[in-house]
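Only the coordinates and a few stated rules stand behind these numbers; no lab work does. Everything quoted here is computed from the prediction, not taken from an experiment. Here the Cβ is made from the backbone with ideal geometry for all residues, glycine too, and neighbour counts use every protein chain on show.
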């Protein structure tokens, strides 16, 4: 069983999430009481977009691993995916994670779609004035979550992406940032008229208050302008700290 858990973890870090899930499920079948096996199954399933199964595994895991903050945070994120239109989705789980590790996990600040759109538009106007752009370039859309991208194997936690670039937006590599990924050639392939998408729930998930949310929106808009303008110069702002719950691991001594 331990070998299967280690194999699942290695496969996950290599980006082979389907194989990681197969190995983790075999470990769960071999030892249903293993918290390690449950965690590896949950994180692999999260990257595969099977959020209902993530919650099922974490329901079992958190009965015994009550002090494992990333488990609570990941269950909160999975519940957001299962009910994206509900601002309260996952809130109890986020609170539990923040109570255990307030330096890493937050109870997300939620705002209405109109308020989020207005904040994004204000930042676009700011960058238009600073860069000499026009309000129509780039075209910035807002969606709650990256459902189509996750179906294509991309990170469920990405904050934004280039929706129709020639080279794609964000890789499946777990080391990729939550924002867009410049390494795939976006600077040379993106032209004016290209559509960008900001993902409201993923941006909110990083932010404990309105001030942090405003800073995170500013950071995301700065990053997409950097791509849209093919900018090598620094256009960056400090946003919220970024943590991937699924990149954490359960301490070995907590295994059942």
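Counting 0.36 nm for each residue step from residue 113 to residue 147 and taking away their Cα separation leaves a gain of 10.5 nm.
Here each label is just a point 7 Å from Cα along the line to Cβ, and for residue 18 and residue 122 those points are 4.5 nm apart. Panel order for 225, 237, by other beta carbons found within 10 Å of each beta carbon, from fewest to most: 237, 225. Share of pairwise Cα-Cα distances greater than 23 Å in the range 2-106 is 25 percent (whole percent). Label sites at residue 56 and residue 214, each approximated as a point 7 angstrom past Cα along Cα to Cβ, lie 4.5 nm apart. Ranked by how many other Cβ atoms sit within 10 Å of their own Cβ, fewest first, the residues 46, 243 fall in the order 243, 46. Note on residue 139 and residue 252: the extension gain reaches 36.0 nm, defined as 0.36 nm multiplied by sequence separation minus the Cα-Cα distance.
Run the numbers for residue 66 and residue 82: contour at 0.36 nm per residue of separation, minus the present Cα-Cα distance, in nm. Result for the pair: 3.5 nm of gain on full extension. Relative contact order, whole percent, for the range 2-106 stands at 18, derived from Cα pairs under 8 Å and 6 or more residues apart. FRET efficiency for the residue 237 to residue 33 pair, using the beta carbon distance and R₀ = 30 Å, is estimated at 0.05. Per-residue Cβ neighbour counts within 10 Å put 60, 162 in the sequence 60, 162, beginning with the fewest.
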